[in-house]
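What follows is one structure encoded as structure tokens, with my remarks underneath.
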Amino acid sequence: QLQAFGGGLVQAEGSLRLSCAASGRTFSSYAMGWFRQAPGKEREFVAAINWSGGRTYYADSVAGRFTISRDNAKNTVYPQMNSLKPEDTADYYCAANRIGGGVSYYTSSSYAYWGQGTLVTVSS
């Protein structure tokens, strides 16, 4: 199971760090991704990190503002979100799967395990 933490209300230009904790299995060999869904919109990719933490991937809309990292000893992934904007308001979901060559980190269908969402609200 995956569980996301850390959502809340923050002012524009503020920062927030989410966490995704895994339990029930060891996810140290799994890629981890974050997606978000705003009201009335489709779920979209935010960021991802490969199993070792050596490669990271970001949506254009968050590149330069968000940083994803992982601590495999704690079975946890952390997206650090800086310079938040009102358009970042959404439910944020973490996901995991073993992702091999040729499989995209950017698409939700690449991930088999999903946590519940944590709401991030950015006020202007």
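Every number in this text was worked out from the coordinates using simple rules, so none of it is lab data. Not measured: the values here are computed from a predicted model. Glycine gets a Cβ as well: all are built from the backbone with ideal geometry, and neighbour counts include every protein chain shown.
Need the full-extension length gain, residue 52 to residue 74, defined as separation in residues times 0.36 nm minus the C-alpha distance. One decimal, nm.
That pair, residue 52 and residue 74, stretches by 6.6 nm at full extension.
³J(HN,Hα) across segment 91-101 via Karplus (A = 6.51, B = -1.76, C = 1.60, θ = phi - 60°), whole Hz, x for Gly/Pro?
7, 9, 10, 9, 8, 8, 5, 7, 10, x, x
Return a whole-number percent for the relative contact order of the chain, with Cα pairs under 8 Å and 6 or more residues apart as the contact set.
This gives 36 percent for the chain.
May I ask you to evaluate 6.51 cos²θ - 1.76 cosθ + 1.60, the Karplus curve with θ = phi - 60°, for each residue of segment 116-122 and list the ³J(HN,Hα) values in order in whole Hz, giving x for glycine and proline?
Residue by residue, segment 116-122 yields 6, x, 10, 7, 10, 10, 10 Hz.
In bins 10 Å wide, starting from 0, what share of all Cα pairs of the chain does each bin hold, as a percent?
14, 50, 30, 5, 0
Work through the residues other than residue 96 whose Cβ is under 13 Å from its Cβ and net out their charges, Lys, Arg +1 and Asp, Glu -1.
After counting each charged neighbour, the total is +3.
Need one number: nm distance between label points at residue 44 and residue 29, each 7 Å from Cα along Cα→Cβ, rounded to one decimal.
For the pair residue 44/residue 29, the computed spacing is 3.5 nm.
Determine the sum of side-chain charges near residue 27: Lys and Arg each +1, Asp and Glu each -1, restricted to other residues whose C-beta is under 15 angstrom from that of residue 27.
Neighbour charge sum, excluding residue 27 itself: +3.
Report the GluC sites (Glu not before Pro) located in segment 34-114 that are in a DSSP loop and have at most 15 other Cβ atoms inside 10 Å of their Cβ, or state none.
Answer in residue order: 42.
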